[in-house]
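Below: one structure, written as structure tokens.
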Amino acid sequence: MKSFKVIYRDKLSQARVGILKLGNLEIFTPLFLPVGTLGVVKTLSYEELKEIGVDAFIANAYHLYLRPGEEILKKFCGLKKFINWDRGLFTDSGGFQIYSLKELKKITEEGVEFRSHIDGSKHFFTPEKVIEFQAVIGSDVSVCLDECVEYPVDYNYAKRSVEVTTLWAKRCKKKFDEIKKNNFGNSQNQLLFGIIQGSVYKDLRKKSIEEILSIGFDGYAIGGLAVGEPRELMWEVVNFISENLSQDEVKYIMGIGELEDIFFCIEKGYDIMDCVLPTRNGRNGQALTSFGKINIKNSKYSTDESPLDNECSCFVCKNYSRALLHHYYKSQELLVLKLMSYHNVYFIINLFKTIREKIIKDEFLRFKEDFLKKFNSEIC
Ligand SMILES: [Zn+2]
């Protein structure tokens, strides 16, 4: 049975509402995944994530492999049991993190050799190993090991990375099917998403789409975007990929977290997004509000009695003034890191909920325009 079904298509754009079936869970898309690299969304408890309405988050195989490691995860029958989380869990292969190591890695056709960023110890990831480890983690959605390139990258290097990504995708799929057949791992219903690469080169993106699609996966992730390229170029590639991918498949665009980009990707028919921005920016004092971003460190908030966002109904906005949050931040009180993260995750999860409601009413484009107009007004 197919794990993804579109239940409503917007009449005025490619935006759609779908249901992603993860074992016994049914999750609505468009879906935003907060990032919980090590199995925790920084500063937030699982009870708080549930209270906010988070349906799923994404953890990282590279980081979990180094800490807590395979033995602990095996002992506890996977990450979901270890952390007592009964909602959706995605895992990233860790490819992106390994490639960010710069001096600490060596890529061959066989796999990628890297040194731990923690203690310098040497490790070797093959596509098979990454699939096997994600089965140990027991995530609901796993992804293939891919080669993510930085921006800018020359054409020939990007072409080679597409070839490696396809080769690895085939090996990942083969291993994944073997694992399923042998009932190995901690998620009997785990899905595997292929990853499309090709940097900003359209012919390479097309080649990658065709090759990854022909292998056949439960869903398709788009990697290698939002890595420093100008927004217009990114949007051009996002649009191109959307036009060349089947409209029946679930599409996950990785690393997208700016609100303008989120709206654009949803308009172009993407279903899933993840980003560290709401939590990372929150910890740096930045809050998302209906009237734009504000930085609570700014001294103009030291006497401001209003909440972060007077249109938000999260407990932070109900109980804490900007002045109090400013005071906590200035005094380096740890609580402020949680309060800011809580509000930002609440804000974005509720934005996605509203977007789904608007799509079903064919009001998505109007909502997008009104929302961004207000968001960019910066009258906060
Ligand atoms: Zn709030």
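The values are calculated or read from the model by the stated rules, or taken from the named source; none is laboratory data. Everything numeric here is computed off the predicted structure, so don't read it as measured data. Because the Cβ atoms are built from the backbone with ideal geometry, glycine has one as well, and the counts that use them run over all protein chains shown. Keep in mind that these areas ignore ligands, DNA and RNA; they rest on the heavy atoms of the full protein, side chains included. Shrake-Rupley method; radii C 1.70, N 1.55, O 1.52, S 1.80 Å.
Taking only the range 199-226 into account, find how many residues are of a type outside the set (Val, Ile, Thr) and assigned to a loop (DSSP other than H, G, I, E, B).
Qualifying residue count for the region: 9.
Of (1) at pLDDT 95 or above; (2) within 30 Å of residue 150 (Cβ to Cβ), residue 275 satisfies all except one. Which?
(1)
Among (1) within 15 Å of the ligand (Cβ to nearest atom); (2) closer than 17 Å to residue 350 by Cα; (3) in a loop (DSSP other than H, G, I, E, B), there is one condition residue 304 misses while meeting the rest; what is its number?
Only one criterion in (1) within 15 Å of the ligand (Cβ to nearest atom); (2) closer than 17 Å to residue 350 by Cα; (3) in a loop (DSSP other than H, G, I, E, B) is unmet by residue 304, namely (2).
Quick check on residue 352: is it assigned to a helix (DSSP H, G or I), touching a residue at least 60 places away in the same chain (Cβ under 8 Å) and either in contact with a Cys (Cβ under 7 Å, 6 or more places away or on another chain) or within 11 Å of the ligand (Cβ to nearest atom) (or both)?
Considered against the rule, which asks whether it is assigned to a helix (DSSP H, G or I), touching a residue at least 60 places away in the same chain (Cβ under 8 Å) and either in contact with a Cys (Cβ under 7 Å, 6 or more places away or on another chain) or within 11 Å of the ligand (Cβ to nearest atom) (or both), residue 352 comes out as no.
Could you check the range 330-349 and list, in sequence order, the residues that are crowded, with 16+ Cβ neighbours inside 10 Å and more than 16 Å from the ligand (Cβ to nearest atom)?
Once the filter is applied, which keeps residues that are crowded, with 16+ Cβ neighbours inside 10 Å and more than 16 Å from the ligand (Cβ to nearest atom), the range 330-349 yields nothing.
Take the residues in the range 351-366 that are crowded, with 17+ Cβ neighbours inside 10 Å and not β-branched (Val, Ile, Thr), then tell me which one is farthest from residue 30 (Cα to Cα).
So the residue we want is 365.
So is residue 293 outside any loop (DSSP other than H, G, I, E, B), in contact with a strand residue (DSSP E or B) (Cβ under 7 Å, 6 or more places away or on another chain), assigned by TED's automatic domain parsing to the domain that holds residue 359 and not hydrophobic (A, V, I, L, M, F, W, C) or not?
Answer is yes for this residue.
Six or more apart or on different chains, Cβ under 6 Å: which pairs go from a residue in the range 285-314 that's farther than 18 Å from residue 333 by Cα to one that's assigned to a strand (DSSP E or B) and at pLDDT 95 or above? Could you list them?
From residues that are farther than 18 Å from residue 333 by Cα, the pairs are 293/286; 294/287; 309/289.
Of the residues 38, 33, 44, which is open to solvent by 10 Å² or more (accessible area, probe 1.4 Å) and among the hydrophobic types (A, V, I, L, M, F, W, C)?
Only one candidate passes the filter, namely 38.
Read through the list (1) open to solvent by less than 10 Å² (accessible area, probe 1.4 Å); (2) modelled with pLDDT of 95 or more; (3) farther than 17 Å from residue 60 by Cα, then give the number of the only condition that residue 190 fails.
(3)
Please go through (1) surrounded by 21 or more Cβ atoms within 10 Å (Cβ to Cβ); (2) of a type outside the set (D, E, K, R); (3) assigned to a loop (DSSP other than H, G, I, E, B) for residue 162 and return the number of the only condition it doesn't satisfy.
(3)
Residue 152: touching a Cys at 6+ places or on another chain (Cβ under 7 Å) and in contact (Cβ under 8 Å) with a residue 40 or more places away in the chain, yes or no?
For residue 152, the condition - touching a Cys at 6+ places or on another chain (Cβ under 7 Å) and in contact (Cβ under 8 Å) with a residue 40 or more places away in the chain - is not met.
Does any residue in the range 180-191 that is farther than 23 Å from residue 20 by Cβ come within less than 7 Å, Cβ to Cβ, of a residue that is at pLDDT 90 or above six or more places away or on a different chain, and which pairs are these?
These pairs meet every condition: 184/135.
Hey, could you check the range 307-319 for residues that are part of a helix (DSSP H, G or I) and more than 7 Å from the ligand (Cβ to nearest atom) and say which is most open to solvent (accessible area, probe 1.4 Å)?
Step by step, filter the range 307-319, then rank; the result is 318.
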